[in-house]
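Read-outs: derived from the displayed coordinates by stated rules, not from any lab. Worth saying up front: this structure is predicted, and the values here are computed from it rather than measured. Heads up, the Cβs are rebuilt from the backbone with ideal geometry, glycines too, and the neighbour counts pull from every protein chain shown.
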Amino acid sequence: MTTPLTIEEIPQELIYLTGAIDEIRFPKQGHTSDVGIVDGEKGPYIIKRAKEELFRFWLLREEYVLRNLMGSGLPVPIVFGSTTTPDGQWLVLEVLEGEPIRSALSRETDDMQRRSLLVQFGQLLARLHATPCPRGLKEDGDWLERQLETSAYNLLHYQTDGTAELLEQLKASRPQAVEQTLIHGDCTVDNVLVANGKVTGLIDWSGGGFGDPRYDMALAIRPKPGMFEKAEDREFFFEGYGSRISREEYVYFADGLYDFF
């Protein structure tokens, strides 16, 4: 049986951080990086490795964002260390308690508990957007303009779901500007953690920055099997968040811009 990474592949400088590793477990996540939970003599750690050029950049960006979020009060993992080797970019993180809210909602049969999780999801995202953006994550200019420029670059250099026609539509139909906030940038149901009926954390921060909060909201409510397929799920989320986005805004960000990332 093949695994995303082995103990023998982990650089020695990271072993110094974790202590001798007995075992690696592989969570159901990690499409752009190899992700393992290692049981080291100093405790459990998340180890991530990205091999491809774009994904290496994303992992470096995640480290930068997380280091800037230290002291923010948000439930994000601590960065313990990183390194670069010929076969990839590596990052060692704290293991946050919980499983993706996607997993929890997919098997939750109690209506009240389901509502509670969705409301908490909305509340956590509202809390994130209300958190002052660290100086190191602020950029001059308009976030959406930068995203459209990056979309054009990604279209030319990488495989994307977006097309040239879609990109032109996005440029021509930009929604009215709103105040920029701290954003997660990939706030899907796979990146929000839940434990014991409580939302416990946010992971995978490579898209974090100072941007349009509607992007986070749109990605949060994208329909998945067993969740956000019914209007009531979205209503519970919006109840927790305290406001909502329009159908047009949802389509622009979730069914449009996201296709280039």
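Per-structure values
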{"quantity": "Qualifying GluC sites (Glu not before Pro) in segment 184-256, DSSP loop, other Cβ atoms within 10 Å at most 14", "calculated": "Glu229"}
{"quantity": "Sparse-neighbourhood loop sites, trypsin sites (Lys or Arg not before Pro) in segment 172-261 - DSSP loop, at most 14 other Cβ within 10 angstrom", "calculated": "Lys230"}
{"quantity": "Approximate spin-label separation Asp110-Glu13, in nm, with each point projected 7 Å along Cα-to-Cβ", "calculated": "4.7"}
{"quantity": "Linear extension gain, Arg61 paired with Ile78, 0.36 nm per residue minus alpha-carbon span", "calculated": "4.7 nm"}
{"quantity": "Long pairs among Lys138/Lys198; Lys28/Lys198; Lys48/Lys230; Lys28/Lys51; Lys28/Lys224, criterion Cα-Cα beyond 23 Å", "calculated": "Lys138/Lys198; Lys48/Lys230"}
{"quantity": "Structure-derived volume of the Cα convex hull per residue in Å³ - corresponding label in [x] 119; [y] 144; [z] 156", "calculated": "[y]"}
{"quantity": "Radius 12 Å from Cβ of Leu202, net charge of other residues (Lys, Arg +1; Asp, Glu -1)", "calculated": "-4"}
